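In what follows, a single structure is set out as structure tokens and then discussed.
The values are calculated or read from the model by the stated rules, or taken from the named source; none is laboratory data. Being a predicted model, the structure only gives us computed values, none of them experimental. Heavy atoms of the whole protein, side chains included, go into the accessibility calculation; ligands, DNA and RNA do not. Shrake-Rupley method; radii C 1.70, N 1.55, O 1.52, S 1.80 Å.
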Amino acid sequence: MEKRAWLDTSKSKRFQLILYPLVVANAIAISGCESSNAKPLEADYRRAESLRPSDTTLAQKYERSCIACHTVKGSNAPLAGFSGDWHPRIKQGMPTLLEHARNGFKAMPARGYCNDCSDEELSALIAFMSASQSKEGV
């Protein structure tokens with residue numbers, strides 16, 4: 001069986017048992033949709049502003065780091081909870097998304113200004129922001 005670097009045994013059971021299936025489910029759900037050029041509506045921005053991870057620590061880190069770009073028009077960051085923005089990114093796979101978050105990519109600053117975020121937390125935040133099914137995530 002091929003070992004996946006981002007899902008090795010050094011990661012916590014929480015990530016392996018909870019977050020990985022969430023990422024896979026999001027990828028499957030989003031990949032079933034045709035890629036669209038749909039632009040977020042005002043309601044999508046209002047919804048993005050109201051989203052928070054259910055985990056208290058992640059919510060604090062999200063509010064301190066991610067929310068400044070992932071809920072704002074004109075930031076060019078994928079809008080939290082808006083599948084149209086996340087679809088092409090999810091297709092790249094979590095290892096690529098994690099690498100972009102960790103090292104920075106285009107306008108994305110390294111670690112998204114969350115210098116105390118572990119790779120596991122960055123992955124959880126990506127999974128949360130890319131989810132489009134509910135108001136609460138991870």
Accessible heavy-atom area order of TYR62, TYR113, TYR45, highest first, probe of 1.4 Å: TYR113, TYR45, TYR62
Rg to Rh quotient for the range 41-138, alpha carbon positions, Kirkwood Rh: 0.91
